[in-house]
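Notes follow once the structure below has been shown.
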Amino acid sequence: LAKTTQPISMDSYEGQEVNITCSHNNIATNDYITWYQQFPSQGPRFIIQGYKTKVTNEVASLFIPADRKSSTLSLPRVSLSDTAVYYCLVGWMDSSYKLIFGSGTRLLVRP
Amino acid sequence: EAGVTQFPSHSVIEKGQTVTLRCDPISGHDNLYWYRRVMGKEIKFLLHFVKESKQDESGMPNNRFLAERTGGTYSTLKVQPAELEDSGVYFCASSPRDFNTGELFFGEGSRLTVL
(Lines give C-alpha, C1' and ligand atoms only; values in the text may rest on other atoms or scores of the structure.)
Protein backbone atom coordinates (compact mmCIF):
# COMPACT_ATOMS: atom_id res chain seq x y z
CA LEU A 1 0.00 0.00 0.00
CA ALA A 2 1.25 3.46 -0.88
CA LYS A 3 2.93 5.51 1.81
CA THR A 4 1.88 9.11 2.23
CA THR A 5 3.81 12.17 3.34
CA GLN A 6 2.17 15.34 4.55
CA PRO A 7 3.26 18.33 6.64
CA ILE A 8 3.23 17.74 10.37
CA SER A 9 1.46 20.99 11.14
CA MET A 10 -0.01 24.12 9.60
CA ASP A 11 -1.27 27.40 10.96
CA SER A 12 -3.99 29.55 9.49
CA TYR A 13 -6.43 32.30 10.37
CA GLU A 14 -10.18 32.34 10.30
CA GLY A 15 -11.62 33.07 6.88
CA GLN A 16 -8.54 31.95 4.96
CA GLU A 17 -8.35 29.12 2.46
CA VAL A 18 -6.16 26.27 3.61
CA ASN A 19 -4.43 23.86 1.25
CA ILE A 20 -2.86 20.71 2.64
CA THR A 21 -0.74 18.76 0.21
CA CYS A 22 -0.03 15.06 0.48
CA SER A 23 2.65 13.19 -1.40
CA HIS A 24 2.06 9.59 -2.47
CA ASN A 25 4.75 8.76 -5.03
CA ASN A 26 4.05 5.03 -5.05
CA ILE A 27 0.32 5.23 -5.62
CA ALA A 28 -1.00 2.26 -7.57
CA THR A 29 -3.43 2.26 -10.47
CA ASN A 30 -6.31 1.02 -8.35
CA ASP A 31 -5.67 3.31 -5.39
CA TYR A 32 -8.08 5.99 -4.30
CA ILE A 33 -7.11 9.03 -2.24
CA THR A 34 -9.15 9.71 0.86
CA TRP A 35 -8.97 12.43 3.48
CA TYR A 36 -10.19 12.18 7.04
CA GLN A 37 -10.48 14.76 9.81
CA GLN A 38 -10.06 14.01 13.48
CA PHE A 39 -10.88 16.13 16.50
CA PRO A 40 -9.46 15.34 19.94
CA SER A 41 -11.26 12.49 21.70
CA GLN A 42 -13.21 11.59 18.59
CA GLY A 43 -12.88 9.06 15.82
CA PRO A 44 -11.76 10.09 12.34
CA ARG A 45 -14.41 11.57 10.10
CA PHE A 46 -14.49 11.17 6.33
CA ILE A 47 -14.07 14.39 4.39
CA ILE A 48 -13.61 13.54 0.74
CA GLN A 49 -12.34 10.93 -1.68
CA GLY A 50 -11.10 11.06 -5.25
CA TYR A 51 -9.28 9.17 -7.95
CA LYS A 52 -8.16 11.88 -10.36
CA THR A 53 -8.73 15.52 -11.34
CA LYS A 54 -10.91 17.48 -8.96
CA VAL A 55 -13.61 16.48 -6.53
CA THR A 56 -15.72 18.95 -4.58
CA ASN A 57 -18.30 18.48 -1.87
CA GLU A 58 -19.96 20.73 0.65
CA VAL A 59 -16.94 20.94 2.93
CA ALA A 60 -13.82 20.65 0.80
CA SER A 61 -12.21 20.22 -2.58
CA LEU A 62 -9.63 17.65 -3.56
CA PHE A 63 -7.19 18.36 -6.35
CA ILE A 64 -5.31 15.47 -7.93
CA PRO A 65 -2.82 16.08 -10.75
CA ALA A 66 -2.60 13.80 -13.74
CA ASP A 67 0.31 11.76 -12.38
CA ARG A 68 -1.60 11.23 -9.09
CA LYS A 69 1.63 11.33 -7.10
CA SER A 70 0.24 14.02 -4.87
CA SER A 71 -3.08 15.49 -3.84
CA THR A 72 -4.21 18.72 -2.22
CA LEU A 73 -7.07 19.09 0.20
CA SER A 74 -8.54 22.58 0.03
CA LEU A 75 -10.63 23.95 2.87
CA PRO A 76 -12.34 27.22 1.93
CA ARG A 77 -12.70 29.95 4.53
CA VAL A 78 -11.69 27.97 7.59
CA SER A 79 -13.15 28.64 11.00
CA LEU A 80 -11.87 27.89 14.49
CA SER A 81 -13.83 24.64 14.46
CA ASP A 82 -11.68 23.37 11.59
CA THR A 83 -8.77 23.02 14.00
CA ALA A 84 -8.09 19.29 13.82
CA VAL A 85 -5.74 16.65 12.46
CA TYR A 86 -6.17 15.87 8.77
CA TYR A 87 -5.14 12.51 7.36
CA CYS A 88 -4.38 11.66 3.78
CA LEU A 89 -4.85 7.98 2.99
CA VAL A 90 -4.25 5.95 -0.12
CA GLY A 91 -5.70 2.54 -0.69
CA TRP A 92 -7.66 0.33 -3.00
CA MET A 93 -11.37 -0.05 -3.01
CA ASP A 94 -12.41 -3.61 -2.48
CA SER A 95 -14.11 -5.65 0.16
CA SER A 96 -11.08 -5.50 2.43
CA TYR A 97 -10.45 -1.80 2.43
CA LYS A 98 -7.78 -1.10 5.03
CA LEU A 99 -7.06 2.46 5.89
CA ILE A 100 -3.40 3.25 6.45
CA PHE A 101 -3.21 6.34 8.65
CA GLY A 102 -0.01 8.32 8.67
CA SER A 103 0.93 11.01 11.13
CA GLY A 104 -1.52 13.49 9.70
CA THR A 105 -1.35 17.27 9.52
CA ARG A 106 -2.28 19.18 12.62
CA LEU A 107 -4.11 22.32 11.48
CA LEU A 108 -4.45 25.19 13.91
CA VAL A 109 -6.87 27.94 12.97
CA ARG A 110 -6.33 31.18 14.87
CA PRO A 111 -8.84 33.99 15.39
CA GLU B 1 -29.91 7.66 12.84
CA ALA B 2 -27.47 6.56 15.53
CA GLY B 3 -23.82 6.50 14.67
CA VAL B 4 -21.24 3.92 15.64
CA THR B 5 -21.25 3.55 19.39
CA GLN B 6 -18.50 2.12 21.54
CA PHE B 7 -18.45 1.04 25.15
CA PRO B 8 -16.81 1.72 27.50
CA SER B 9 -15.45 5.14 26.64
CA HIS B 10 -12.60 4.59 29.05
CA SER B 11 -11.37 1.52 30.89
CA VAL B 12 -8.58 1.33 33.44
CA ILE B 13 -7.32 -2.14 34.32
CA GLU B 14 -4.23 -3.73 35.75
CA LYS B 15 -1.76 -5.76 33.81
CA GLY B 16 -2.94 -9.34 33.51
CA GLN B 17 -6.62 -8.53 33.71
CA THR B 18 -9.16 -8.95 30.97
CA VAL B 19 -11.09 -6.23 29.19
CA THR B 20 -13.87 -6.49 26.64
CA LEU B 21 -14.66 -3.60 24.36
CA ARG B 22 -17.94 -3.41 22.53
CA CYS B 23 -18.89 -1.78 19.25
CA ASP B 24 -22.36 -1.26 17.86
CA PRO B 25 -22.11 -0.35 14.18
CA ILE B 26 -24.62 1.69 12.26
CA SER B 27 -27.69 -0.44 11.67
CA GLY B 28 -27.50 -2.29 8.39
CA HIS B 29 -23.76 -1.91 7.95
CA ASP B 30 -22.28 -5.26 7.03
CA ASN B 31 -18.68 -4.12 7.30
CA LEU B 32 -17.17 -3.58 10.72
CA TYR B 33 -13.57 -2.64 11.43
CA TRP B 34 -11.39 -2.32 14.49
CA TYR B 35 -8.47 0.10 14.62
CA ARG B 36 -6.28 1.28 17.44
CA ARG B 37 -3.86 4.02 18.31
CA VAL B 38 -1.30 3.11 20.92
CA MET B 39 0.56 5.85 22.74
CA GLY B 40 2.30 8.23 20.37
CA LYS B 41 1.81 6.01 17.37
CA GLU B 42 -0.37 6.09 14.30
CA ILE B 43 -3.86 4.66 13.98
CA LYS B 44 -3.50 1.09 12.81
CA PHE B 45 -5.91 -1.41 11.33
CA LEU B 46 -6.67 -4.49 13.41
CA LEU B 47 -9.33 -6.45 11.59
CA HIS B 48 -12.37 -6.38 9.35
CA PHE B 49 -15.66 -8.25 9.61
CA VAL B 50 -18.17 -8.74 6.86
CA LYS B 51 -21.28 -9.61 8.78
CA GLU B 52 -20.14 -12.30 11.23
CA SER B 53 -17.14 -13.45 9.19
CA LYS B 54 -13.60 -12.24 9.70
CA GLN B 55 -12.54 -10.94 6.31
CA ASP B 56 -9.11 -9.74 7.31
CA GLU B 57 -7.43 -10.02 10.70
CA SER B 58 -3.91 -9.34 9.56
CA GLY B 59 -3.56 -6.40 11.93
CA MET B 60 -4.26 -8.27 15.14
CA PRO B 61 -1.08 -7.97 17.20
CA ASN B 62 -1.12 -11.37 18.91
CA ASN B 63 -3.35 -14.10 20.28
CA ARG B 64 -4.19 -12.11 23.38
CA PHE B 65 -6.68 -10.26 21.22
CA LEU B 66 -9.97 -11.91 20.27
CA ALA B 67 -12.65 -10.25 18.19
CA GLU B 68 -16.12 -11.61 17.64
CA ARG B 69 -19.22 -10.52 15.84
CA THR B 70 -21.86 -13.09 16.59
CA GLY B 71 -24.99 -12.63 14.52
CA GLY B 72 -23.36 -9.99 12.40
CA THR B 73 -24.51 -7.11 14.57
CA TYR B 74 -22.38 -5.76 17.40
CA SER B 75 -18.77 -6.77 17.87
CA THR B 76 -16.57 -7.32 20.88
CA LEU B 77 -12.82 -7.09 21.19
CA LYS B 78 -11.37 -8.91 24.16
CA VAL B 79 -7.86 -8.45 25.43
CA GLN B 80 -6.72 -11.25 27.71
CA PRO B 81 -4.41 -10.92 29.53
CA ALA B 82 -3.83 -7.20 29.04
CA GLU B 83 -0.27 -5.88 28.88
CA LEU B 84 1.05 -2.38 29.39
CA GLU B 85 1.66 -1.90 25.67
CA ASP B 86 -2.02 -2.48 24.95
CA SER B 87 -2.83 0.95 26.32
CA GLY B 88 -4.30 3.23 23.71
CA VAL B 89 -7.53 4.14 21.98
CA TYR B 90 -9.49 1.45 20.17
CA PHE B 91 -11.69 2.66 17.36
CA CYS B 92 -14.50 0.82 15.69
CA ALA B 93 -15.82 1.76 12.27
CA SER B 94 -18.52 0.47 9.96
CA SER B 95 -19.55 0.83 6.36
CA PRO B 96 -22.41 -0.39 4.19
CA ARG B 97 -22.26 -3.60 2.19
CA ASP B 98 -21.87 -1.71 -1.08
CA PHE B 99 -18.73 0.08 -0.06
CA ASN B 100 -18.36 2.41 -2.99
CA THR B 101 -17.75 5.77 -1.35
CA GLY B 102 -14.62 5.07 0.64
CA GLU B 103 -16.33 6.38 3.75
CA LEU B 104 -15.90 4.57 7.02
CA PHE B 105 -18.01 5.76 9.95
CA PHE B 106 -15.96 5.78 13.11
CA GLY B 107 -17.05 5.65 16.70
CA GLU B 108 -15.53 7.90 19.34
CA GLY B 109 -13.23 5.19 20.54
CA SER B 110 -12.62 3.28 23.75
CA ARG B 111 -9.60 4.43 25.69
CA LEU B 112 -7.81 1.57 27.43
CA THR B 113 -5.31 2.21 30.17
CA VAL B 114 -3.35 -0.76 31.47
CA LEU B 115 -1.48 -0.11 34.73
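The values are calculated or read from the model by the stated rules, or taken from the named source; none is laboratory data. Nothing here was measured: the structure is a model prediction, and the numbers come from that model. FYI the Cβ positions are ideal-geometry reconstructions off the backbone, even for glycines, and counts take in every protein chain you see. Heavy atoms of the whole protein, side chains included, go into the accessibility calculation; ligands, DNA and RNA do not. Shrake-Rupley method; radii C 1.70, N 1.55, O 1.52, S 1.80 Å.
When Cβ neighbours within 10 Å are restricted to other protein chains, what is their mean count per residue of peptide B:18-25? Show your work: numbers first, answer last.
Values: counts 0, 0, 0, 0, 0, 0, 0, 0.
Going residue by residue through B:18-25 and averaging, the value is 0.
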Legend entry - Gaussian network model of chain A, Cα within-10 Å springs - most flexible of A:Thr29, A:Thr21, A:Thr56: A:Thr29
Inset, instruction - Just need the relative contact order of chain A here, percent rounded to a whole number, with Cα pairs under 8 Å and 6+ apart. - result: 36
Legend entry - Entries in A:Lys98/B:Lys44; A:Lys3/A:Lys52; A:Lys3/B:Lys51; A:Lys3/B:Lys44; A:Lys3/A:Lys98; A:Lys98/B:Lys51 that, when Cα-Cα distance is taken, lie over 20 Å: A:Lys3/B:Lys51
Legend entry - Among A:Ser23, B:Val114, B:Ser75 the positive-end extreme of the charge dipole of the protein assembly as shown (Cβ point charges): A:Ser23
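On average, how many beta carbons from a partner chain sit within 10 Å of the beta carbon of a residue in B:40-47?
Values: counts 0, 2, 6, 12, 4, 7, 1, 1.
Neighbouring Cβ atoms belonging to other protein chains average 4 per residue here.
Give me the summed buried accessible area for the A-B pair, 1.4 Å probe, to the nearest 100 Å². Show your work: numbers first, answer last.
On the way: alone 6380 and 6560 Å², together 11290 Å².
Chains A and B together bury approximately 1700 Å².
So if I place +1 on the C-beta of Lys and Arg and -1 on the C-beta of Asp and Glu, and nothing else carries charge, what would the dipole magnitude of chain B be about its Cα centre? I want it in debye, nearest 20.
Details: 13 positive and 15 negative charges, 51 e Å.
The dipole magnitude comes to about 240 debye.
For chain B, what is the Kirkwood hydrodynamic radius in Å, using each pair of distinct C-alpha atoms? List each step's numbers first, then the result.
Numbers: mean 1/r = 0.0713 Å⁻¹.
With all distinct Cα pairs of chain B included, I get 14.0 Å.
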Inset, instruction - Once you have the Kirkwood Rh of chain A from its Cα pairs, apply Stokes-Einstein at 25 °C and 0.890 mPa s and quote D in µm²/s. - result: 175
Legend entry - Estimated Rh, the protein assembly as shown: Kirkwood, alpha-carbon pairs, angstrom: 18.2
Legend entry - Choice from A:Gln38, A:Gln16, A:Gln49 with maximal GNM fluctuation in chain A (Cα, 10 Å cutoff): A:Gln16
